[in-house]
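These notes are about the structure you will find just below.
The values are calculated or read from the model by the stated rules, or taken from the named source; none is laboratory data. Everything quoted here is computed from the prediction, not taken from an experiment. Cβ sites come from the backbone with ideal geometry, for glycine too, and all protein chains shown count toward neighbours.
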């Protein structure tokens, strides 16, 4: 089940809002009653607060976004530091090899989207 915050991000983006610009203009709370997060404050200029029905339409896209975020985080650690990447690129340029490209291809194939 997609998190409410992910659905809100998608809702805002679909309505030409930048999530990072709006994240202090709404508030989510969880009453621990089993109903999940609810919107308790909505001050997004020019955009109506979404209904639960509207947010539910983002379930599939939200699941994909959350799954891709996990894959991106995994890839980020496996790509190694920028210093290690630069070293691979330097050695590839010097030796005519493709170590860096091969490394990136392996990270991507091990963690497909």
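Numerical summary
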read-out	value
Residues within the stretch 66-90 that are within 17 Å of residue 1 (Cα to Cα) and either without any contact (Cβ under 8 Å) to a residue 60 or more places away in the chain or not assigned by TED's automatic domain parsing to the domain that holds residue 10 (or both), tallied	4
Qualifying positions in the stretch 86-113 - assigned to a helix (DSSP H, G or I) and under 30 Å from residue 13 (Cβ atoms)	104, 107, 108, 109, 110
Residue 35 exposed (fewer than 11 other Cβ atoms within 10 Å of the Cβ) and at pLDDT below 95	yes
For residue 96: the one exception among (1) touching a residue at least 40 places away in the same chain (Cβ under 8 Å); (2) on the phi > 0 side of the Ramachandran plot	(1)
In the stretch 40-55, residue farthest from residue 29 (Cα to Cα) [restricted to those that are assigned to a helix (DSSP H, G or I) and in contact (Cβ under 8 Å) with a residue 24 or more places away in the chain]	54
